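What follows is calculated from the coordinates using simple rules that are stated; it is not laboratory data. A quick note: this is a predicted structure, and the numbers were derived from the prediction, not measured. Cβ coordinates were reconstructed from backbone atoms using ideal geometry, including for glycine residues, and neighbour counts include every protein chain displayed.
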Amino acid sequence: MNIYESMEYINSFSKLGKPVNSLLRFARIMRALGDPQKKLSFVHVAGTNGKGSTVRMIAGSLTKAGYKTGEFTSPYIKVYNDRIKINGVNISDMELAEIVTHMKPIIDGLCTECSQFEITTAIAFIYFASQKCDIVVLEAGIGGLLDCTNVIEKSCASVITSISLDHTAILGDTIEKIARQKAGIIKQECPLILAPSQKREVYALMYRTAMQFNSPFITPNKDRLRIGKCDFTGSKFTYKGLAYIVSMLGKHQIDNALTAIETLNTLKNNGWNRLSYVHIYEGIKSAEVPSRCQIIHPDKPFIMIDGAHNPDGMRALADFIRTVPKAPKIMVCGMKEDKDWQTAIGFISRYIDKAVCLDGFAPHTVFAPKLAEMFSDGETASLNDAVSRAITLAGTDGMVIIAGSLYLAAAIQKYGFKIN
């Protein structure tokens with residue numbers, strides 16, 4: 001199979017597959033593929049917001065320390081290969097096609113109801129094992145307990161980032177139900193690192209679960225945090241007396257950095273002793289994730305793109321853009337119907353002078369005219385025209401913010417991004 005045939009095969013599977021109530025289906029698939037995950041060491045990352053940034057910071061630091069580091073994230077922004085990296089480099093088309101060619105007869109003879117995420121996870125495990133990675137930073141999918149990444153039997157650290165009310169149709173309708181699903185990645189006697197600024201019920205549930213599994217419970221101590229600056233050029237802070245720089249924008253990225261720091265220090269104290277402060281500093285400073293408060297045009301006008309797709313993400317974006325001394329602020333906005341999009345827009349709309357809304361960039365998007373009504377001044381445009389229209393409205397002194405969905409970010413960068 002070539003890369004085009006391989007991608008056609010991968011895309012033939014549905015996003016969710018047939019619903020499961022256990023990990024048996026994926027465990028059976030992995031057993032047929034030789035259980036490559038059993039040859040690997042993992043840092044397992046779950047949560048609602050901040051997973052991608054935290055994964056990148058941890059993986060980057062491990063790579064700086066000389067470890068061959070696998071990195072598994074979702075969804076992709078530019079190409080499918082983005083999701084599977086070693087030392088920050090995407091799996092090649094040739095390597096991807098070779099693995100799919102090997103997998104296809106096994107999968108076809110075993111399971112026709114699995115999800116595209118299960119197929120992708122299997123590809124990643126095979127690739128990381130074949131390349132003899134020292135460690136893999138593994139981002140879970142939507143859940144934790146029944147997420148196929150949870151087929152791993154142990155990990156060096158379980159990391160849970162910020163949790164909010166998202167995917168309620170799948171995981172439950174309360175923050176505690178969602179947190180309980182995310183807590184499914186916690187393993188016996190494996191350190192749990194919980195991101196700061198969690199809701200009280202999340203903190204309590206995670207602490208109880210860690211105690212049940214005899215797992216060390218670690219969370220950043222924000223009393224030891226001193227923020228020097230946090231603006232549209234990035235952030236500088238000290239934590240426990242040591243200085244750090246975060247290049248990614250927004251105060252929420254400091255929380256992600258603290259989570260990464262505690263995870264990396266935990267790894268260092270548990271045998272990964274090549275890690276040093278310099279590696280952690282450089283890994284966090286150099287971390288960049290496409291479409292996470294990413295500047296894609298620095299001036300005239302200033303253009304940024306962010307994958308904020310739920311209330312917490314949009315609140316974090318709003319906290320950032322309200323501090324940026326540029327006007328007017330023009331937003332290119334599109335959202336999915338399965339998110340709490342009304343609440344999300346409520347956090348940011350007060351800081352937006354004009355919104356250009358669009359739909360159709362993914363299945364089940366909010367009807368653009370309906371979205372435009374949420375802003376004091378909103379209009380609609382096609383995917384091809386939205387960014388050009390926003391640039392015209394912003395002029396040379398304004399700011400364009402593209403946000404509302406990672407699927408929008410991918411579509412804009414692939415099809416619709418134009419600067420005249």
Self-check item: Within the chain, percent of DSSP bridges classed antiparallel, to nearest 5
Solution: 40
Self-check item: the chain: translational diffusion in µm²/s, Stokes-Einstein, Kirkwood Rh over Cα pairs, 37 °C, 0.692 mPa s
Solution: 149
Self-check item: Sequence-distant aspartates and glutamates (8 or more away, or on other chains) whose Cα lies within less than 12 Å of Lys326
Solution: Asp299, Asp353, Asp397
Quiz item: Excluding Cys230 itself, what net charge comes from residues whose Cβ is under 11 Å from its Cβ, given Lys and Arg +1 and Asp and Glu -1?
Solution: +1
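Report the extension gain between Asn270 and Lys104 in nm, rounded to one decimal, defined as 0.36 nm multiplied by the number of residues separating them, less their alpha carbon distance. Walk me through the intermediate numbers first.
Details: separation 166, 0.36 × 166 = 59.76 nm, distance 3.83 nm.
Net length gain for the segment: 55.9 nm.
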Quiz item: If Lys and Arg each add +1 and Asp and Glu each add -1, what is the summed charge of the other residues whose beta carbon sits under 11 Å from the beta carbon of Lys18?
Solution: -1
Practice problem: Compute the distance in nm between two label points, each set 7 Å from the Cα along the Cα-to-Cβ direction, one at Lys132 and one at Val89. | Solution: 1.6
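Going by how many other Cβ atoms sit within 10 Å of their own, how do Asp299, Asp359, Asp338 line up, fewest first?
With the fewest neighbours first, Asp299, Asp359, Asp338 line up as Asp299, Asp338, Asp359.
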Quiz item: What's the FRET efficiency of Lys177 with Asn2 using the Cβ-Cβ distance as r and R₀ = 51 Å, to the nearest 0.05?
Solution: 0.70
Practice problem: Per DSSP H run of at least 4 residues, take -39500 (n - 2.57); add these up for the chain, divide by its residues and hand me the 222 nm value, nearest 500 deg cm²/dmol. | Solution: -11000 deg cm²/dmol
Quiz item: Quick one: of the DSSP bridges fully inside region 294-416, what percent are antiparallel, nearest 5?
Solution: 20
Practice problem: Residues in region 210-244, backbone N under 14 Å from the label point at Val278 (7 Å along the Cα-to-beta-carbon vector): list them, ranges by number please. | Solution: none
Quiz item: For region 1-107, what is the relative contact order in percent, using Cα pairs closer than 8 Å and at least 6 residues apart in sequence?
Solution: 30
Quiz prompt | GluC sites (Glu not before Pro) restricted to DSSP loop in region 327-383 with at most 14 other C-beta within 10 Å | solution = Glu337, Glu373
Self-check item: Thr396 paired with Gln342, simple spin-label distance in nm, labels 7 Å along Cα-to-beta-carbon
Solution: 4.3
Practice problem: Please report, in whole Å, how far the alpha carbons of region 294-416 spread along each principal axis, starting with the longest. | Solution: 34, 28, 24
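Relative contact order of the chain: what whole-number percent is it, with Cα pairs under 8 angstrom and at least 6 residues apart? Let's see the in-between values first.
Numbers: 898 pairs, mean separation 64.8, N = 420.
Value for the chain: 15 percent.
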Quiz prompt | aspartates and glutamates with Cα under 15 Å of Lys104, excluding same-chain neighbours fewer than 8 positions away | solution = Glu5, Glu8, Glu95, Glu113, Glu118
Quiz prompt | For Gly184, net neighbour charge (Lys/Arg +1, Asp/Glu -1) across residues whose Cβ lies under 15 Å away | solution = +3
Practice problem: Give me the lysines in straight-line cross-link reach of Lys222: C-alpha distance below 28 Å, same-chain residues under 8 apart excluded. | Solution: Lys51, Lys64, Lys177, Lys182, Lys187, Lys199, Lys236, Lys240, Lys251, Lys268, Lys285
Quiz item: If you place +1 on the Cβ of every Lys and Arg and -1 on the Cβ of every Asp and Glu, how big does the dipole about the Cα centre of region 294-416 come out, in debye to the nearest 20?
Solution: 180
Practice problem: Measure out, as a whole number of angstrom, how far apart the alpha-carbon centroids of region 257-334 and region 96-169 sit. | Solution: 24
Self-check item: Dipole magnitude of region 3-286 about its Cα centre (Cβ charges: Lys, Arg +1; Asp, Glu -1), debye to nearest 20
Solution: 920
